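Q: My questions all concern the structure below.
The values are calculated or read from the model by the stated rules, or taken from the named source; none is laboratory data. Because the structure is predicted, anything quoted here is derived from the model rather than measured. Cβ coordinates were reconstructed from backbone atoms using ideal geometry, including for glycine residues, and neighbour counts include every protein chain displayed.
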Amino acid sequence: MKFLLATKSHMTQLFDEEGRVWAGTVLKTSPLTVTQVKTADGKDGYSAVQVGFGTQKPERLSKAVRGHIKASGKEGFKAIREFRTDATGHEVGAEIGIDTFAVGDGVTVAGISKGHGFAGVVKRHGFHGGRRSHGQKHSEREPGSIGGGGRAGGRVAKGMKMGGRMGNDRVTVTGLKVLHIDAAKGEIIISGAVPGARGTLVEIMAASA
């Protein structure tokens, strides 16, 4: 499986050869460094490749992390992620660049979505709210009845859609594709929107067949 780490920059649009416009998200990346290779027949019991992304001052890392990445030849990484894939051909210290992908490749992107704090049911679940007619005072954005009337024994059923913390969850978006690659700038443009705010670390993985 092909994979890459990048940070979300901004959205843009591109025109293809047929004149169609595509909405895309610009992601900035730099070469990944393999920090650990795991195999199914080893002590880990599964196959995976662990990589480091970005740079970080060594003094900001724990002694355990510094010791763990020492074999890679680098002093510090901004982030370390692991991809469960066939580890054949990967070696500790090797680099994985943006040339892993090509224009037109299908990809899956995962990242942490924007956090919205506490949100009501209108914003969180798309409720319509109450009527805006005469006699309404405070019920325009209220959820309405949440229990009683014999439903679930008069209690509030588990999973009831209510107000609460919204966002800041890991979100995976499938069905995307690579629109453009600029190796000189370290930019890769993915079709559509990807989760997260600007600067969010995202994982780019080749779409499963």
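Q: For residues in the range 72-93 being part of a loop (DSSP other than H, G, I, E, B) and of a type in the set (Gly, Ala, Ser), which is surrounded by the fewest Cβ atoms within 10 Å (Cβ to Cβ)?
A: Checking each candidate, the answer is Gly89.
Q: Right, next: Looking at the range 94-198, what strands (runs of 3 or more DSSP E) fall wholly within it and have at least 3 residues that are of a type in the set (Gly, Ala, Ser) and in contact with a strand residue (DSSP E or B) (Cβ under 6 Å, 6 or more places away or on another chain)?
A: 106-112
Q: Of the residues in the range 183-209, how many are charged (D, E, K, R) and closer than 26 Å to Thr85 by Cα?
A: Residues in the range 183-209 being charged (D, E, K, R) and closer than 26 Å to Thr85 by Cα: 2 in total.
Q: Regarding Glu203, is this residue of a type in the set (Asp, Glu) and part of a loop (DSSP other than H, G, I, E, B)?
A: no
Q: Something else: Mind listing just one residue for me: the one in the range 1-54 that is charged (D, E, K, R) and assigned to a loop (DSSP other than H, G, I, E, B) and, of those, surrounded by the most Cβ atoms within 10 Å (Cβ to Cβ)?
A: Lys2
Q: Among the residues of the range 91-131, count how many are at pLDDT 95 or above and among the polar types (S, T, N, Q).
A: 2
Q: Go through the range 55-71 residue by residue and tally those that are under 16 Å from Ser30 (Cα atoms) and surrounded by 16 or more Cβ atoms within 10 Å (Cβ to Cβ).
A: Of the residues in that region, 1 qualify.
Q: Look through the range 103-151, keep the residues that are among the β-branched types (Val, Ile, Thr) and over 23 Å from Thr174 (Cβ atoms), and return whichever of them is surrounded by the most Cβ atoms within 10 Å (Cβ to Cβ).
A: Here the residue is Val121.
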